[in-house]
1. Given the options T4, S33, P56, identify the residue whose Cα lies farthest towards the positive end of the charge dipole of the chain (+1 on Cβ of Lys, Arg; -1 on Cβ of Asp, Glu).
2. Would you please classify the overall shape of the stretch 2-42 from the alpha carbon gyration tensor, given that a ≥ b ≥ c denote the square roots of the eigenvalues, rounded means a/c under 1.5, and beyond that prolate means a/b larger than b/c while oblate covers the rest?
3. Taking R0 as 30 Å, what FRET efficiency do you get between N43 and L18 from their Cβ-Cβ distance, rounded to the nearest 0.05?
4. Which value, in debye to the nearest 20, describes the size of the charge dipole of the stretch 2-42 about its Cα centre when Lys and Arg Cβ atoms bear +1, Asp and Glu Cβ atoms bear -1, and nothing else is charged?
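What follows draws every value from the coordinates through simple rules; no lab data is involved. Everything quoted here is computed from the prediction, not taken from an experiment. Note: ideal-geometry Cβ built from the backbone for every residue, glycine included; neighbour counts use all protein chains shown.
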Amino acid sequence: MLRTIIAGALIGFAGKKLYESGALKGFTDDLKSRLSDAHIANNPATAPAPAPAPVPNRAPPTAPTV
C-alpha cells in the first residue's frame, strides 16, 4: 500500500510538471475533440441542426381580377 501511495505521488508530480510546461497541450486538445464527437454521436439532440432548405424564388401573389 505504501508503494502505491509513493508511486501515485511521483506520477502526479511528473504529470503536473508536464502539464504546466505545456507538453500535454496536444493530448488535451485531442481528448477534448474526441469527447465532444462522442457526446454528439451518443446524444443527437445536442447535434447542430442541419441548414434549412432554400426557399424557391416566387413572384408575390396578386389579387384575383373579376
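1. T4
2. Judged from the Cα gyration tensor, the stretch 2-42 comes out oblate (a/c at least 1.5, b/c at or above a/b).
3. Once the sixth-power term is evaluated, E becomes 0.40.
4. So the dipole magnitude of the stretch 2-42 works out to roughly 200 debye.
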